[in-house]
Amino acid sequence: MRREKIAFDDPEALQTLCGVNNSRLKLVERTAGAQIHVRGNELTIEGDDAAAQIAITALHQLYDLALTGRALSSEDVTRAVKLLQGEPTSGYGGADGGAITRVFGEAILTPRSGRPITPKGASQKTYVDLVRANDVVFAAGPAGTGKTYLAVALAVRALLDKSVLRIVLTRPAIEAGEKLGFLPGTLEEKIDPYLRPLHDALQDMIEPERLARYMSDKTIEIAPLAFMRGRTMSNAFVILDEAQNTTPEQMKMFLTRMGFGSKMVVNGDVSQTDLPRGTRSGLRDALELVEGIRGIGIVHFTDADVVRHPMVAALIRAYDARDRARSEVREAGPSSSGGQGEINS
């Protein structure tokens, strides 16, 4: 059992660290597995050596962030402690004295809501760094891991910094249980729901008047993937979302649109394709094809990286476990079902 006291001099930063009724300290306690007692400006940490060290490191780094005016939400505090519990070999995890600052300390963009957009974990930080360092980046993983939102934030940042002259956001208009032809309205009205997540992200980050101007003069363009054919994207930040719903031919078409001075980000979840049965996903195909090509970065997210409600991660794990079990039964063949030769799904 380890027992250690640490004192903090700045009362305002300490209050930010502690939270209302010490709510944030309780989150650190619960996540790290150590007890924290408060007396004035002094905190006492008790627990086994590993848990106490995680708590102590988290408190120091969260306090340093509070000193800079960078307040974290309760969810961010929990993720920050989990980051320290991660593998040091990841480049960001591990209680090495700077992990929280490196991941949470840098704001990509401050949107209209006023709350800075920052990475919320080691995988998101890796993603951001890869986008900055490479011409093309593939991000594969489940919904809720921030792939689209972070990509749009990076694109807006690049536009505001004049690193690019325009933003192009696209995704395939593939039906998930409904047919476009049965929906009312023009073609633009029919495809708008497929592009709505991209609109929503932009509306979070750019003032309405400026966004309307950008959309009007095509500085920012949102269009279905089919509209990309025959074009060359130069000096642009191009994002392909829901890429698991492309075919290999569509993916090739998209990637070969790249011009000089451009950056491409391809996002998707290969486990949620809406393509017809038997059609190979262009994202899965590309991930195998581009491995090892210089200038192309790849990041794989997992359910541990989900930043939505914790229930989302639990549901993803449940579906994945079910799908793995079914796959194992199919691979085992008829003999595994007692000679019935039939599997109930």
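Listed by chain and number, the lysines placed with their C-alpha closer than 19 angstrom to that of residue 162 are 218, 263; residues fewer than eight positions away on the same chain are left out.
Measuring between alpha carbons in the structure, the pairs from 125/147; 26/125; 125/252 lying more than 22 angstrom apart are 26/125; 125/252.
Modelled label positions at residue 216 and residue 110, each set 7 Å beyond Cα in the direction of Cβ, lie 2.7 nm from each other. Computed from label points 7 Å out along Cα-Cβ, the spacing between residue 26 and residue 271 is 3.2 nm. Looking at the stretch 1-149, the accessible area is 45 square angstrom per residue; that uses a 1.4 Å probe and ignores ligands, DNA and RNA. The residues packed around residue 241, meaning those with a beta-carbon under 10 Å from its beta-carbon, carry a net charge of +1 if Lys and Arg are +1 and Asp and Glu are -1. The H on the amide N of residue 301, modeled in the peptide plane, is under 5 Å from the matching H of 140, 141, each at least 5 residues off or on a different chain.
The values are calculated or read from the model by the stated rules, or taken from the named source; none is laboratory data. Remember, it's a predicted structure, so these values are computed and weren't measured experimentally. In this analysis, Cβ positions are derived from the backbone assuming ideal geometry, glycine residues included, and neighbour counts consider all displayed protein chains. For accessibility, only protein heavy atoms count, side chains too; no ligands or nucleic acids. Shrake-Rupley method; radii C 1.70, N 1.55, O 1.52, S 1.80 Å.
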